[in-house]
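The values are calculated or read from the model by the stated rules, or taken from the named source; none is laboratory data. Quantities reported herein were computed from a predicted structural model and do not represent experimental measurements. Counting neighbours? That spans all protein chains shown, and the Cβs are built from the backbone with ideal geometry, glycine included.
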Amino acid sequence: MRRLPALGLLTALLLPSGTLAAVGAEPFTSGAVARPASEEEQRAWSEAEELHDIIVRSGVVYDDPALTAYVQGVMDRLYPEFRGTIRLTLLKAPHLNAFAVPDGGIYVNVGLLARFENEAQLATVLAHEGTHFTHRHGFLSARSLKNNAALATFGSLLGVPILPQLIAISSMLGYSRELETEADEAGYRRLLQAGYDVREAPRVFEHLMREVKAEDIQEPFFFSTHPKLKDRFGNMTRLSAHAMGGGDGARRDEYSRIVQQARIDTLENMLSMGRAKQALIVLEDETNLRELPPHALFWQGEAYRRRGEAGDAQKAEASYRKAIEAAPEFAPSYRALGIVLLKAGKNAEAAANFERYLALAPDAKDRKYVESYLRMARKEPGGKP
Amino acid sequence: MRRPILLLMCLALVGCVPTPARVDSPRIEALDKSYTVDLPAGWIRQYTSEKNVVVSRDGFLLETLAVMRRPLKQAFQRTKKDVSETMLPSELAELEIAEIKARDDQTAALTVLDNEPAVVSGKEGFRVKVAYRNPRGLEFYEEVHGVVDKSGLYLLVYRAPRLHYFEKHYREYQRTVESFRIAGT
Amino acid sequence: MHPGRTWAVVFCVIALAGCATGQTSVHRELTASAERRLPKKVLLLPVEIRVHEVSAGGVAEKVDAWSETASGNAVRYVKSVATGQGAFELIESPTLRPEDTAQLDQHIALYELVASSAYLAQASPIRVWKERAKDFDYTLGPGLAPLAEHTGIDAAMIVIGSDYISTAGRKAAMVMGVLVGALAGAAIVPSGGVSFVSVGVVDMRTGNLLWFGTDQSGTTDFRNERDLHEMLDRMFQTYPGLAPREEKAG
């Protein structure tokens, strides 16, 4: 999920190495036969079903039926024999993350969709997550977690429900080396079979590595037994090194059209969460900016303002001015510029911008704020002394 | 919100903070003397490890009313943001919204219902009201009044389920906000 | 958080304080009433007793079959109180409109918090919370009144519980986990396991929690019908308007 809890890190230390073959189980070959093979596996499926209920009830699902159908379509193209069994749900979170649960549920953050450049990159992640389901990695890891006597030495882990920890472990930082390698390689084969341009696969890890850097995640010491993102990038680069051109899914413009609203929602969400560094990964890229509406320069300004590093105030002002030039009817740019100018003591220009904002957006929800700032700029009674 | 509530309960149990007590005299002074405030009479008052005060009538899993002072440096711990006395109310409000969103996966999906200027302790501050659901799907409202001063960032927070409880005690929260005074103002 | 998990977390925080005992409470309005009888037409909401297996590694997994057995044991007990002792008329599975179902679901979610709060206050070692619990006026509010009007149901009975069984199938001496797990939102479960059950009766018109009982044990197994029935029997001794049951021989 979003954060790897301390407990997840501890349990990840003790994750198994070993695949289904090692425990005498077989991957699912189709949706028709994909069902729990034991009472133990049934428990994992039941918990997955309960988790889905929690996800739906708690308001974190990104409700866009058309986009969900599109992503489901990509998954069905990769896993046609599992149509109806592997079920996609989009989540509102802006982080680059996706995870699979034992009963075929795959959850994808819209942040992931928004960051990718084309369908082939999205398919890379879906192919990987699909393998976690078809190869029963969730059940396998749960089984080992339960039976690992060493866990009993950690008093704080007594009675920990399995699934949340597995999700924390499986997302972003991965299962064990063997399971992640299996998912990467089997997923890669799915990409080839489905006709995707596999040269896009390593790009996924570039995006992830940039995200890890922006999040300032320190890869913890247990990575010595788990494949680092860098290693997985290298692995995927090696696999696709001899790929011929002509694969499908690398067309950027069509993908951008499909995910446009998700990108906008994700950017706004990231900014409202204060994730300015992550937003600038997108907003400092000229190609991305060209694919966003003209007023995206306003978001760029907001990201600089909220990042607040040396020189960012000036960068923010420049971005707001460019946004006004590119989209003169987009009201928030005037408000934002007005605030920058007010704080710099340029009251007359600040007031002009506030007035323009209120003229363009008379029903703005933040009208009262802007009116108070206008009074400040005009140094009227009731303004800040 | 589950973790801070459980921490509150455990801190009280193991005696890390003053024992919970009923609010018998309405006007209280902060432990660090930075403010005075009226709290709802008869409610149960408890202090956090940061010496902030939290009160509830029915239990911290239901309604909570908290009065907090945070230092200007790292005022927002989850998002690691400082505040300054020169910040505008809307800037403080957006930092508080980001901080609430950073709390857990459910608050990350919150909806902002209200966000407007408000007078707090005679100074220009903000009022924010947000809605989010718990993992069981129960909707919560959380309202925050905040203001910054050279002595810190002050927040008055009221949180309760939308069903029945938020409206039930909202008037007490309003009175608390109206009574709040930063020391020396 | 699933109701069973909420309860497990709440319970274990209190149990750590060493103050866990069976408790029942009656709403102060009912206590003040001369008649002191609970409503007659009672809707039994789906009983949820989650029975988990705790592995050697200390991980708890809900076992569907065991949970169904335990929940069935509880349903049979409640039915026996209704039919055998005539305490109330039990309504099961009424026909509800979709908007009623949604409203009921939200109120059940609220009930979990109200009941948890009541339990925490009852079991708290802190004086002011104990006093709060004695002034028992917990409520869900009047939001279910339209549903009551529509269906003619007076009250809802909610039975929730958890049990934890070690893979050895025996209850070992309790070994309490540290608080960290509870604070992280995970259920802290002693390696030997603990059984916990609560029953609440909510007035559908006012939302008042009219009667509320909880009990727990380190030596019971809710898969065993007799274990659960004995625990519920002790609890229902205080059910207002119910004639005391004769002591069973043996």
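Some observations on this one:
- Some residue of the stretch A:125-138 being acidic (Asp, Glu) and either at pLDDT below 90 or more than 20 Å from the chain's Cα centre (by Cα) (or both): no
- Cβ-Cβ distances below 7 Å connect the following pairs, each with a first residue in the stretch A:32-58 that is within 14 Å of chain B (Cβ to nearest Cβ), a second residue that is polar (S, T, N, Q), and a separation of six or more residues or different chains: A:ILE55/A:THR89; A:SER58/B:GLN106; A:SER58/B:ASN134.
- Residues that are within 14 Å of chain A (Cβ to nearest Cβ) number at least 2 in the following strands (runs of 3 or more DSSP E) confined to the stretch C:22-106: C:48-54, C:59-62.
- Contact map, the stretch A:62-75: first residue in contact (Cβ under 8 Å) with a residue 24 or more places away in the chain and closer than 16 Å to A:ALA127 by Cα, second residue outside any helix (DSSP H, G or I) and of a type in the set (A, V, I, L, M, F, W, C), Cβ cut-off under 6 Å, separation 6 or more or different chains; pairs are A:VAL71/A:LEU88; A:MET75/A:ILE86; A:MET75/A:LEU88.
- Applying the set (1) outside any loop (DSSP other than H, G, I, E, B); (2) touching a Phe, Trp or Tyr at 6+ places or on another chain (Cβ under 7 Å) to B:ILE100 leaves exactly one unmet item: (2).
- Candidate set from the stretch A:86-97 (those that are hydrophobic (A, V, I, L, M, F, W, C) and farther than 14 Å from A:ARG190 by Cβ); member that is modelled with the lowest pLDDT: A:LEU96
- Among all residues of the stretch A:68-85, there is none that is assigned to a loop (DSSP other than H, G, I, E, B), within 14 Å of chain B (Cβ to nearest Cβ), at pLDDT 95 or above and buried (at least 18 other Cβ atoms within 10 Å of the Cβ).
- Top-ranked residue of the stretch A:264-286 - restricted to ones that are among the β-branched types (Val, Ile, Thr) and in contact with a helix residue (DSSP H, G or I) (Cβ under 7 Å, 6 or more places away or on another chain), ranked as nearest to the other protein chains (Cβ to nearest Cβ): A:THR266
- Criterion violated by A:ALA303 - all others in (1) of a type in the set (A, V, I, L, M, F, W, C); (2) touching a residue at least 24 places away in the same chain (Cβ under 8 Å); (3) surrounded by 22 or more Cβ atoms within 10 Å (Cβ to Cβ); (4) more than 14 Å from chain B (Cβ to nearest Cβ) satisfied: (4)
- Selection status of B:VAL144, in contact (Cβ under 8 Å) with a residue 40 or more places away in the chain, of a type in the set (A, V, I, L, M) and in a strand (DSSP E or B): yes
- Here C:SER55, C:SER67, C:SER25, C:SER93 are screened, and the one residue that is hydroxyl-bearing (Ser, Thr, Tyr), more than 30 Å from C:LYS134 (Cβ to Cβ) and modelled with pLDDT of 85 or more is C:SER67.
- Residue in the stretch B:88-113 that is surrounded by the fewest Cβ atoms within 10 Å (Cβ to Cβ), counting only those that are charged (D, E, K, R) and touching a residue at least 24 places away in the same chain (Cβ under 8 Å): B:ARG103
- The condition (being touching an Asp or Glu at 6+ places or on another chain (Cβ under 8 Å) and either within 14 Å of chain B (Cβ to nearest Cβ) or charged (D, E, K, R) (or both)) is satisfied by just one residue among A:ALA336, A:ALA313: A:ALA336.
- Of all residues in the stretch A:318-340, those that are more than 11 Å from A:TYR357 (Cβ to Cβ) have Cβ atoms under 8 Å from Cβ atoms of residues that are among the aromatic types (Phe, Trp, Tyr), 6 or more apart or on another chain, in A:SER319/A:PHE298; A:SER319/A:TYR304; A:TYR320/A:PHE298; A:ALA323/A:PHE298; A:ALA323/A:PHE330; A:ALA327/A:PHE298; A:VAL340/A:TYR320.
- Residues in the stretch B:99-144 that are under 22 Å from A:VAL60 (Cβ atoms) and out of contact with any strand residue (DSSP E or B) (no Cβ under 7 Å at 6 or more places or on another chain): B:LYS101, B:ALA102, B:ARG103, B:ASP104, B:ASP105, B:ALA108, B:PRO135, B:ARG136, B:GLY137.
- Annotation: A:GLU355 fulfils all but one of (1) over 18 Å from B:SER90 (Cα atoms); (2) in contact (Cβ under 8 Å) with a residue 12 or more places away in the chain; the unmet one is (1).
- In the stretch C:219-238, residue surrounded by the fewest Cβ atoms within 10 Å (Cβ to Cβ) [restricted to those that are out of contact with any helix residue (DSSP H, G or I) (no Cβ under 6 Å at 6 or more places or on another chain) and among the basic types (Lys, Arg)]: C:ARG226
- Matching helices (runs of 4 or more DSSP H) fully within the stretch A:275-385 where at least 3 residues are touching a Leu at 6+ places or on another chain (Cβ under 8 Å): A:276-283, A:296-307, A:312-326, A:332-343, A:347-360, A:367-378
- Enumeration of residues in the stretch C:144-178 that are modelled with pLDDT of 90 or more and more than 23 Å from the chain's Cα centre (by Cα): C:PRO146
- Matching residues in the stretch A:86-121 - criterion: being assigned to a loop (DSSP other than H, G, I, E, B) and small (Gly, Ala, Ser): A:ALA93, A:GLY104
- In the stretch B:114-141, the residues that are over 17 Å from B:ALA66 (Cβ atoms), free of Cβ contacts under 8 Å to residues at least 60 places away in the same chain and more than 10 Å from every other protein chain (Cβ to nearest Cβ): B:VAL119
- Residues located in the stretch C:107-148, provided they are facing chain B (nearest Cβ under 7 Å) and small (Gly, Ala, Ser): C:ALA109, C:SER116, C:SER117, C:ALA121, C:GLY141, C:GLY143
- Number of the exception - B:ARG171 against (1) in contact (Cβ under 8 Å) with a residue 12 or more places away in the chain; (2) away from every other protein chain (no Cβ under 12 Å); (3) not small (Gly, Ala, Ser): (1)
- Filter pass, B:HIS169 being within 13 Å of the chain's Cα centre (by Cα) and either modelled with pLDDT of 95 or more or crowded, with 18+ Cβ neighbours inside 10 Å (or both): no
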